[in-house]
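What follows is a single structure, written as structure tokens, with notes after it.
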Number of protein chains: 2
Amino acid sequence: MSKVTIVAKLTAKSDCIEAVKTEVIKMLAPTRQEEGCIEYRLHQDNADPAVFVFFENWKDQAVFEQHMETEHFKAYVAAVSDMITDKTVHRMTEVG
Amino acid sequence: MSKVTIVAKLTAKSDCIEAVKTEVIKMLAPTRQEEGCIEYRLHQDNADPAVFVFFENWKDQAVFEQHMETEHFKAYVAAVSDMITDKTVHRMTEVG
């Protein structure tokens with residue numbers, strides 16, 4: 001198995017931006033301590049603050065799958081589910 | 001001015017995937033040599049190989065603007081313009 005890069009984009013409802021921001025920031029510390037988590041970086045769009053992007057790198061697909069079974073990930077998904085309008089997750093491979 | 005993160009996603013036409021891949025790979029070497037280019041990383045989606053994402057970090061907006069004035073950037077834009085169905089560029093700020 002090889003490294004997997006995750007690019008996850010989510011868009012908060014206009015009246016939930018700060019609440020979503022609180023939840024996504026909560027993910028940083030516990031996720032970065034997970035075994036196999038190489039990189040876990042969060043970004044907010046400068047023009048549209050409702051848009052957040054996680055840029056992640058994981059040792060392999062298996063540890064990424066484990067990540068999605070953690071308590072903090074499940075709590076995050078539950079917490080934001082009613083506060084977002086859109087979410088896309090790309091599993092990718094670095095090129096070059 | 002502070003660091004700016006760029007997340008750029010482009011989708012190739014189904015019959016132009018390899019041609020677009022050639023063009024995006026060509027961007028890596030000259031761009032990484034540009035002054036103020038902190039990070040310039042390319043990814044291809046595992047499930048849909050037509051989807052490419054650049055993850056970039058630039059010293060500030062000014063050097064990113066300069067990047068878009070370079071010969072290699074202009075040549076790349078011209079080369080892929082008829083070969084892609086979609087392109088989004090997010091200018092972002094890292095959080096946490």
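Read the figures in this text as sums done on the coordinates, not as results from a lab. The shown structure was predicted, so the numbers you read here are calculated from the model rather than taken from an experiment. Here the Cβ is made from the backbone with ideal geometry for all residues, glycine too, and neighbour counts use every protein chain on show.
Tabulated data
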quantity: Which numbered condition B:Ala62 fails, given (1) touching a helix residue (DSSP H, G or I) at 6+ places or on another chain (Cβ under 9 Å); (2) loosely packed, with under 15 Cβ neighbours inside 10 Å; (3) of a type in the set (Gly, Ala, Ser); calculated: (1)
quantity: Subset of the stretch B:26-53 that is facing another protein chain (nearest Cβ under 10 Å), surrounded by 14 or more Cβ atoms within 10 Å (Cβ to Cβ) and among the hydrophobic types (A, V, I, L, M, F, W, C) - its residue that is nearest to B:Ala8 (Cα to Cα); calculated: B:Val53
quantity: Positions within the stretch A:54-84 being more than 8 Å from every other protein chain (Cβ to nearest Cβ), touching a Leu at 6+ places or on another chain (Cβ under 9 Å) and part of a strand (DSSP E or B), in sequence order; calculated: A:Phe54, A:Ile84
quantity: Scope the stretch B:1-25; condition more than 11 Å from chain A (Cβ to nearest Cβ), of a type in the set (Gly, Ala, Ser) and part of a strand (DSSP E or B); matching residues; calculated: B:Ala12
quantity: Of all residues in the stretch A:26-45 being part of a helix (DSSP H, G or I) and of a type in the set (A, V, I, L, M), the one that is farthest from the chain's Cα centre (by Cα); calculated: A:Ala29
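So that you can scan it fast, the table gives a plain yes or no per residue for (1) without any contact (Cβ under 8 Å) to a residue 12 or more places away in the chain; (2) touching a strand residue (DSSP E or B) at 6+ places or on another chain (Cβ under 8 Å); (3) closer than 21 Å to A:Ile84 by Cα:
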{"position": "A:Glu23", "(1), (2), (3)": "no, no, yes"}
{"position": "A:Val51", "(1), (2), (3)": "no, yes, yes"}
{"position": "A:Phe54", "(1), (2), (3)": "no, yes, yes"}
{"position": "A:Val63", "(1), (2), (3)": "no, yes, no"}
